[in-house]
1. Accessible surface of Arg18 in the full protein assembly, 1.4 angstrom probe, to the nearest 10 Å²?
2. For the chain, give the share of DSSP beta bridges that are antiparallel, in percent and rounded to the nearest 5; count only bridges with both residues there.
3. Which residues' amide hydrogens lie under 5 Å from the amide hydrogen of Val34, considering only partners 5 or more residues apart or on another chain, with H built in the peptide plane?
4. Based on alpha-carbon centroids, what's the gap between region 79-104 and region 131-174 in Å, whole number please?
5. What is the Å³ per residue value for the convex hull set by the Cα atoms of the chain?
6. Kindly report, to the nearest 10 Å², the accessible surface of Glu90 as traced by a 1.4 Å probe over protein heavy atoms only.
7. Please give the peptides 216-223, 23-30 ranked by average Cβ packing (other Cβ atoms within 10 Å per residue), highest first, as a rough proxy for protection.
8. List the GluC sites (Glu not before Pro) within region 155-230 that fall in a DSSP loop (any state other than H, G, I, E or B) and whose Cβ has at most 16 other Cβ atoms within 10 Å.
Amino acid sequence: MSQVEKWYLYYWPSLPGRGDFVRLMFEEMGVEYVDVGRVEGAQAVIQYYNGVAPGFPVFCPPIIRMRDFVMNGTPAILQYLGKISGMYPEDQQSEAHAWQINAIVTDLMGEGHDAYHPLKRTGSYDSQVEAAKPQIKQFREERLPRYMNYLERVLKLNEKNGYVIGSKITYVDIAVFHALRAVEFQFPEDYKTLAIPTLRAFKDRMAARPRIDAFLKSPRSLPFCGNSMM
């Protein structure tokens with residue numbers, strides 16, 4: 001990959017959301033990228049969202065582009081970037097397990113978001129606060145512990161290596177790390193009290209990686225919006 005070539009990320013400029021999965025991948029890869037929404041504003045993202053931008057059709061942000069190559073879909077982006085960067089499992093079984101965990105992280109984030117948007121997924125949380133209360137309660141009491149306990153078991157199985165899969169960092173480490181960031185922010189008491197010591201230690205190790213640490217301390221890293229795990 002030429003040093004002058006850049007990746008372009010198209011995501012809403014005002015929140016981390018699913019865009020931070022991709023930002024964290026780019027940061028850990030050490031590649032140059034342009035966060036287009038933050039540079040040019042939301043209209044630059046909307047052209048892709050509305051299907052009027054050139055290139056392979058995409059559905060919604062986050063979207064990545066390099067030259068004529070365009071793609072979207074958070075789990076697919078992570079897998080693709082992992083593969084081209086070497087942040088990818090080294091055998092087929094580990095590859096399959098990474099796909100599995102990446103899909104489960106996607107489900108976790110989707111369920112967490114939807115608990116805050118029970119009436120209209122694309123509507124604001126503020127427009128459905130009362131309807132959301134029982135859904136958030138159910139998610140916290142039933143679904144979040146199940147997801148966290150599952151990921152704890154996964155990390156525990158590979159505890160000697162310190163990664164989700166295998167003996168080196170892969171894209172699925174980025175996926176789990178950002179999901180844990182979102183959970184800790186949105187549900188701090190649950191994150192603190194659930195029996196997930198291996199997960200918490202993993203998150204701390206990931207946050208201390210030099211490139212990730214630099215990103216989290218920089219203006220490129222925005223605070224979570226305060227609801228919806230976004």
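1. The accessible area of Arg18 comes to roughly 80 Å².
2. 70 percent
3. Residues meeting the criterion, in which the H sits 1.01 Å from N, are Trp7, Tyr8, Leu9.
4. 16 Å
5. Each residue corresponds to 129 Å³ of Cα convex hull volume.
6. 140 Å²
7. Packing proxy ranking, top to bottom: 23-30, 216-223.
8. Qualifying residues, ordered by number: Glu159.
The values are calculated or read from the model by the stated rules, or taken from the named source; none is laboratory data. Since the model is a prediction, treat every value here as computed from it, not as a measurement. Counting neighbours? That spans all protein chains shown, and the Cβs are built from the backbone with ideal geometry, glycine included. Side chains included, ligands, DNA and RNA excluded: accessible areas come from the protein's heavy atoms. Shrake-Rupley method; radii C 1.70, N 1.55, O 1.52, S 1.80 Å.
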